[in-house]
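Student: Take this structure first; my questions come after.
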Amino acid sequence: MKGVAYAGALLGVVPLQVTVLQYLAIGEVRPDLCLALTCLVGFVVGERQGLLLGLGLGFMQDLVSAGELWLNVVTKGVAGLVAGMAGRQLVQTTPLSFLILSLSMSSLLGLVFLFAGQPVGALAEELVTLRSILLPQAAYDAVTAVGLYWLLAKRFRSTLPPDQVEAGGTGPVWAMK
C-alpha cells in the first residue's frame, strides 16, 4: 500500500503543482508542494523515505523544468533527509516544530536556487529578489506544509485509541494534542 502511495505522489504531485497550483499564486509566488510533501514524509516517516521521495520528486521536477539539471534532485533529496533527521531527534513533534523546519528548508533551498550558477558580483540584484520573492515563497511553502501536516494529523488521530490521543500519545507521531 505504501508503494502505491509513493508512486501516486511521484506521478501526481508534479503535474498538480504545474497545473492547479498556479491558480493559488499570490503575486508571483506559488507553493512548492513537492518540497512540502518531501519534508512531511521525512519528518513523519523517516529520513530514508524522505530522501527517496525527495530524489524522485526532484527528478520529476527536473524533467518538466528548464532550470539547472539535477538541482531539484539534490535539493529535494537533502530536504527529505534533513527533515527526517530533525523529526527523529524531536521528543514530541508539533505543528510549530514542523513549521520552523519547513520554513528553514524552504529558505535554504530558495537561497541555493537563487545563487546557483550566478556570478558573485550580482549579489546586489539578488538581494531584491531575496526580499520580494524568496521570503514570501518560504512562508507560503511553510504554511502549505503545516496545512498538510494538520490535514493528515486530523485524519490519523481518529484511528488512535482515545487514551493515547488524550495522553499525548505513545502512539504514532500523528497523535497531537
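Student: Along the charge dipole of the stretch 1-138, Cβ charges K/R +1 and D/E -1, which of Ala66, Gln92, Ala36 sits furthest on the positive end?
Tutor: After comparing all options, I get Gln92.
Student: Could you run the Karplus curve 6.51 cos²θ - 1.76 cosθ + 1.60 with θ = phi - 60° over the stretch 84-95 and give me ³J(HN,Hα) per residue in whole Hz, x for Gly and Pro?
Tutor: So the Karplus estimates, Gly and Pro as x, are x, 5, 5, x, 6, 7, 7, 6, 9, 7, 10, x Hz.
Student: Turning to a different aspect of this structure: Roughly speaking, what is the stretch gain from Leu151 to Val91, that is 0.36 nm per residue apart minus the C-alpha to C-alpha distance, in nm to one decimal? Before the final figure, lay out the partial values.
Tutor: On the way: separation 60, 0.36 × 60 = 21.60 nm, distance 2.13 nm.
Full-extension gain reported as 19.5 nm.
Student: Sticking with this structure for a sec: Output the relative contact order of the stretch 18-130, whole-number percent, from Cα pairs under 8 angstrom with separation of 6+ residues.
Tutor: Details: 134 pairs, mean separation 26.7, N = 113.
Reported as a whole number, the value is 24 percent.
Student: For the stretch 13-90, run through the GluC sites (Glu not before Pro) and keep only the ones in DSSP coil with at most 15 other Cβ atoms within 10 Å of their Cβ. Present the calculation step by step, with values, prior to reporting the outcome.
Tutor: Working: sites: Glu28, Glu47, Glu68; in loops: Glu28, Glu68.
Taking the stretch 13-90 and a limit of 15 other Cβ atoms within 10 Å, the loop GluC sites (Glu not before Pro) found are Glu28, Glu68.
Student: Grab the other residues whose beta carbon is less than 12 angstrom from that of Leu52, score K and R as +1, D and E as -1, and report the net.
Tutor: Working: positive: Lys2, Arg48, Lys76; negative: Glu47.
With Lys, Arg at +1 and Asp, Glu at -1, the neighbours total +2.
Student: Per residue of the stretch 67-73, what does 6.51 cos²θ - 1.76 cosθ + 1.60 with θ = phi - 60° give for ³J(HN,Hα)? Whole Hz please, x for Gly and Pro, Karplus curve as stated.
Tutor: x, 5, 5, 6, 5, 5, 4
All of the numbers you see were taken from the coordinates with simple rules; none came from a lab. This structure is a prediction, so every number in the text was calculated from the model and none was measured. Please note: Cβ atoms are built from the backbone with ideal geometry, for glycine as well, and neighbour counts cover all protein chains shown.
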